[in-house]
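Input: one structure, supplied below.
Read-outs: derived from the displayed coordinates by stated rules, not from any lab. In this text the structure is predicted, and so the values were computed from the model without any measurement. Cβ: placed from backbone, ideal geometry, glycine included. Neighbour counts: every protein chain shown.
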Amino acid sequence: MNPERFEELMVKAVDGVTSGAEREELMSYLADKPTERAEFEAQLALKAVTDGWMTRLEADLMVDRAEASVPRRAVHGLGVLLVAVGLAVLSFAGPILAIQDPEVPFALKAGIGLSIGGSAVLALALVAGRLRDRKHDPYTEVIR
């Protein structure tokens, strides 16, 4: 077998498109050629790695499409809105009632106020950071 025929059969075998006769021709040629057999096995290993990458990229793309779908984004947005409104009601109604109640100790009133203030600062910092990072992220198109 000449080198061109070997290369042709090796490429076809790695891609999985050889006929039975071609596969047999290649295997009989490789039977007593350890160097060429090692090259063939290296090509098969490389193909397995790149196929794995493609499988991963396809899976990531499916996840990205699902996450970007309008119904999913609407459900997530609604959930975040409901949690935010619920926390706002709990954060303001409870403390207002506690502050107005003369029997609630001052330390508890101060703790409630500080907790609300700290939560607000952290929430604003988180939102501002996400908005800032989104603007300057050069890898927004990269599948993660």
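Bin width 10 Å, alpha-carbon pairs only: give the P(r) of region 4-50 as whole percents, running from 0 to the bin holding the largest distance.
29, 59, 12
How big is region 69-136 on each of its three principal axes, counting only the C-alpha atoms and giving the largest first in Å?
Per principal axis, max minus min of the Cα coordinates gives 51, 27, 10 Å.
Right, here's the next one. I'd like to compare 123-129, 11-17: which one has the highest average count of other Cβ atoms within 10 Å, and what's the full order after that? The partial results should precede the final answer.
Numbers: 123-129: 10.3, 11-17: 13.0.
Top of the packing list down: 11-17, 123-129.
If r is the Cβ-Cβ distance from Leu46 to Leu124 and R0 is 41 Å, what FRET efficiency results, to the nearest 0.05?
Working: r = 50 Å, r/R0 = 1.22.
After rounding, the FRET efficiency stands at 0.25.
Which whole-Hz ³J(HN,Hα) couplings does region 81-91 yield from phi under the Karplus relation 6.51 cos²θ - 1.76 cosθ + 1.60, θ = phi - 60°, glycine and proline marked x?
Per residue, the Karplus-derived 3J(HN,Hα) values read 4, 5, 5, 4, 5, x, 5, 5, 4, 5, 6 Hz.
Still on this structure, I have one more. Work through the residues other than Ser19 whose Cβ is under 15 Å from its Cβ and net out their charges, Lys, Arg +1 and Asp, Glu -1.
Numbers: positive: Arg5, Lys12, Arg23; negative: Glu8, Asp15, Glu22, Glu24, Glu25.
In short, -2.
While we're on this one: Once you wrap a convex hull around the alpha carbon atoms of region 1-90, what is its projected area averaged over all directions, in nm²? Present the calculation step by step, with values, prior to reporting the outcome.
Details: hull surface 38.9 nm².
That works out to 9.7 nm², a quarter of the Cα hull's surface.
Then there is this: Would you mind computing, in nm to one decimal, how far apart the modelled labels at Ala74 and Met27 are, each placed 7 Å from Cα along Cα→Cβ?
Distance between the two pseudo-spin positions: 5.6 nm.
Modelled label-to-label distance, Phe92 and Leu61, 7 Å Cα→beta-carbon offset: nm?
4.7 nm
Which value, in debye to the nearest 20, gives the size of the charge dipole of region 3-60 about its Cα centre, when Lys and Arg are +1 and Asp and Glu are -1 at the Cβ? Don't skip to the answer; put the middle values down first.
Working: 7 positive and 14 negative charges, 24 e Å.
Approximately 120 debye in magnitude.
Using Cα positions and a limit of under 27 Å, work out the lysines in reach of Lys33, with same-chain residues fewer than 8 apart set aside.
Lys12, Lys47
Taking +1 at the Cβ of each Lys and Arg and -1 at the Cβ of each Asp and Glu, which of Phe40, Gly77, Val17 sits farthest along the dipole of the chain towards its positive end, judged by Cα position relative to the Cα centre?
Working it through, the farthest residue towards the positive pole turns out to be Gly77.
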